[in-house]
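These notes concern the structure reproduced below.
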Amino acid sequence: MDKKFQVFVSSTYLDLINERQKAVEGILRSKHIPAGMELFIPSDKSQWEIIKEWIRDSDILLLVLGGRYGTIEPVSGKSYTQLEYEYACENDIPVCAIVLNEQFLATKKYQDISLKVYEHEIDTPSIEKYNNFKQLVTSNFVSFVDDINQIPTEVSFILSEFKTKDKEIYQFRGWVRGKEKLNPLMLNVKYNIEKFLDDKARQGLTDDTIKGYFIELRIFEKYFEEIILINIDTMKIKEYLKHREDNYSIKAKTSMERSRGILNVFFDWLVEEGIVEKNPVRKVKPYKYYKKGNDSLTDNEVGKLRAACKTARQGALLEFFISTGCKLSEIENIKISNINWENKTLKIPTKEEDRIVFITINAEKQIKKYLEVRDDNLDNLFVTERKTHRQLSKRGIQREIDVLVKESDINKKISPKTLRNTFTKNMLGNGYGYNIVESLLGYHAKKSRSETYFIVTEENIWDILHSRPEF
């Protein structure tokens, strides 16, 4: 597509009228679109609010910097020119500058002695602020000029550089002819969310993962129901996340980081599908939070939980967790027919590829004891105690763990993840390598470590482990 950039032109005004016009000339010569304060119309909004809207809607901010600092905005104490420049930087809008050198300014003063070219010439100068601002500007992309007629050429050169690097680095939204735009349906938020969820389901993601995506993206869809995808920029993503935090009683930064992460996955998919050119979530900083290390149980705590088991189901459930390192969702769906009693192994069905884990001596004993007292014909390994029996839900499993923790007087929260981490700790403590443990836990090999990664199968499990670990 023949994309035209919208370029916001920033400068002090009365002292740089002609230079500003030359900058606009350079933008038009390059077939792009200039924007600036002289184009604004009266509005009920404050001047600064209008300026921010125009900057957010622009692809690039071009500053023309002379010898003046500019009009001071009363609240911040900074000039509007500096505020514009900093606002663009904060919102990840590329900035560039044409800086008039000392020779240029001296000639300009010579040609019009009455014109206040330098900051020290005004009634209340801000020389230190001007110097600090100039230092900030010159640390970025700048072109120095010593003649007004150089400005259009330099502007054209700068925009040419941006255009060359657009696809690789910037991926500007820009403007395109109406006939070159995508079908409006292709840019609809709801339509693309449905396609995304379907695509991820076909890739084999778990039902729980798809459900988590669905819940977050429904809220996202409701917020942006009147906006097409290409108009959702980084600033709008930040506004949405603030709305998400303030209006949905979210207090944990982990929850907000999860929301940001789901949006990041969604927009990465949109980029891959060619719906949008860049992912606006990439420039939203992750939420910082304290992340604890993997919490696991000590041998003493495991002993307390075992002693707290009052029913055969509690004993089997606890040992199954510690023996296999399975996830809660996996244990919920385990079938008796998945167990190979002769080989002392268990097949864990997954959407990607079934994996094999082992059963410890104690786990085998407790599971058989539990099955002996069962009076149903269900294939589910764990079922409800009340008749009519049915598959024990994830909530029911968690409730059993909570009962054991309460009965054992262990003063900390224990979750299925804690028991999974306990399996990991025990395996590593028994000298098994990370690669073996990762396979038993269901992690997939990355290319960088594929040579040392074990795929545990029913045929090789006892060649790898040699004998049944017991813990």
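Quick one: Ser296 ticks every box in (1) modelled with pLDDT of 90 or more; (2) closer than 30 Å to Thr350 by Cα bar one, so which box is it?
The one condition Ser296 does not meet is (1).
Would you tally the residues in the stretch 128-152 being open to solvent by 80 Å² or more (accessible area, probe 1.4 Å) and in contact (Cβ under 8 Å) with a residue 12 or more places away in the chain?
Within the stretch 128-152, residues that are open to solvent by 80 Å² or more (accessible area, probe 1.4 Å) and in contact (Cβ under 8 Å) with a residue 12 or more places away in the chain number 3.
Exactly one condition in (1) touching a helix residue (DSSP H, G or I) at 6+ places or on another chain (Cβ under 8 Å); (2) in a strand (DSSP E or B) is false for Ser76; which is it?
Going through (1) touching a helix residue (DSSP H, G or I) at 6+ places or on another chain (Cβ under 8 Å); (2) in a strand (DSSP E or B) one by one, Ser76 breaks only (2).
When the stretch 3-33 is examined, which residues are found to be more than 28 Å from Ala106 (Cα to Cα), open to solvent by less than 90 Å² (accessible area, probe 1.4 Å) and in contact with a Lys or Arg (Cβ under 9 Å, 6 or more places away or on another chain)?
Lys3, Lys4, Phe5, Gln6, Ser30, His32, Ile33
Does the stretch 312-331 contain any residue that is open to solvent by 20 Å² or more (accessible area, probe 1.4 Å), in contact with a strand residue (DSSP E or B) (Cβ under 9 Å, 6 or more places away or on another chain) and farther than 29 Å from His466 by Cα?
Yes, the stretch 312-331 contains at least one residue that is open to solvent by 20 Å² or more (accessible area, probe 1.4 Å), in contact with a strand residue (DSSP E or B) (Cβ under 9 Å, 6 or more places away or on another chain) and farther than 29 Å from His466 by Cα.
List every residue pair whose Cβ atoms sit under 9 Å apart, with the two residues 6 or more apart in sequence or on different chains, where the first one lies in the stretch 245-259 and is outside any helix (DSSP H, G or I) and the second, anywhere, is among the aromatic types (Phe, Trp, Tyr).
Ala252/Tyr289
So in the stretch 414-430, with the set limited to residues that are out of contact with any Ser or Thr (no Cβ under 8 Å at 6 or more places or on another chain) and surrounded by 14 or more Cβ atoms within 10 Å (Cβ to Cβ), which one is farthest from Leu318 (Cα to Cα)?
Met427
Starting from the stretch 215-234, keep only residues that are touching a residue at least 60 places away in the same chain (Cβ under 8 Å), then list their pairs with residues that are assigned to a helix (DSSP H, G or I) whose Cβ atoms are within a distance under 8 Å, requiring at least 6 positions of separation or different chains.
Asp233/Arg56; Asp233/Pro280; Thr234/Pro280; Thr234/Val281; Thr234/Lys283
Select from the stretch 348-373 the residues that are in a loop (DSSP other than H, G, I, E, B) and open to solvent by 40 Å² or more (accessible area, probe 1.4 Å) and list them in ascending order.
The answer is Pro349, Thr350, Lys351, Glu352, Glu353, Asp354, Val373.
Return the residue satisfying two criteria in turn: it lies in the stretch 381-413 and is closer than 21 Å to Ser337 by Cβ and of a type in the set (D, E, K, R), and of such residues it is least open to solvent (accessible area, probe 1.4 Å).
Selected residue: Lys394.
Looking at Glu272, Glu245, Glu277, Glu221 in this structure, which one is loosely packed, with under 13 Cβ neighbours inside 10 Å and more than 14 Å from the chain's Cα centre (by Cα)?
The match here is Glu272.
One residue is enough: does the stretch 252-259 have a residue meeting the conditions at pLDDT below 90, closer than 30 Å to Asp198 by Cα, surrounded by 15 or more Cβ atoms within 10 Å (Cβ to Cβ) and hydrophobic (A, V, I, L, M, F, W, C)?
Yes: the stretch 252-259 contains one or more residues that are at pLDDT below 90, closer than 30 Å to Asp198 by Cα, surrounded by 15 or more Cβ atoms within 10 Å (Cβ to Cβ) and hydrophobic (A, V, I, L, M, F, W, C).
Starting from residues that are acidic (Asp, Glu) and open to solvent by 50 Å² or more (accessible area, probe 1.4 Å), keep the ones in the stretch 180-200 and report whichever is modelled with the lowest pLDDT.
Glu180
Taking the stretch 130-152 as the region of interest, how many residues are among the charged types (D, E, K, R) and part of a helix (DSSP H, G or I)?
Counting residues in the stretch 130-152 that are among the charged types (D, E, K, R) and part of a helix (DSSP H, G or I) gives 1.
Kindly indicate the residue of the stretch 445-459 that is part of a loop (DSSP other than H, G, I, E, B) and modelled with pLDDT under 80 and also surrounded by the fewest Cβ atoms within 10 Å (Cβ to Cβ) among those meeting that condition.
Lys446
Does at least one position in the stretch 434-444 carry a residue that is at pLDDT 80 or above, among the acidic types (Asp, Glu), assigned to a helix (DSSP H, G or I) and surrounded by 12 or more Cβ atoms within 10 Å (Cβ to Cβ)?
For the stretch 434-444, residues at pLDDT 80 or above, among the acidic types (Asp, Glu), assigned to a helix (DSSP H, G or I) and surrounded by 12 or more Cβ atoms within 10 Å (Cβ to Cβ): present.
The values are calculated or read from the model by the stated rules, or taken from the named source; none is laboratory data. Everything numeric here is computed off the predicted structure, so don't read it as measured data. Virtual Cβ from ideal backbone geometry, glycine too; neighbours counted across all protein chains shown. For the accessible areas, the whole protein counts, side chains as well, though only heavy atoms, and no ligand, DNA or RNA atoms are used. Shrake-Rupley method; radii C 1.70, N 1.55, O 1.52, S 1.80 Å.
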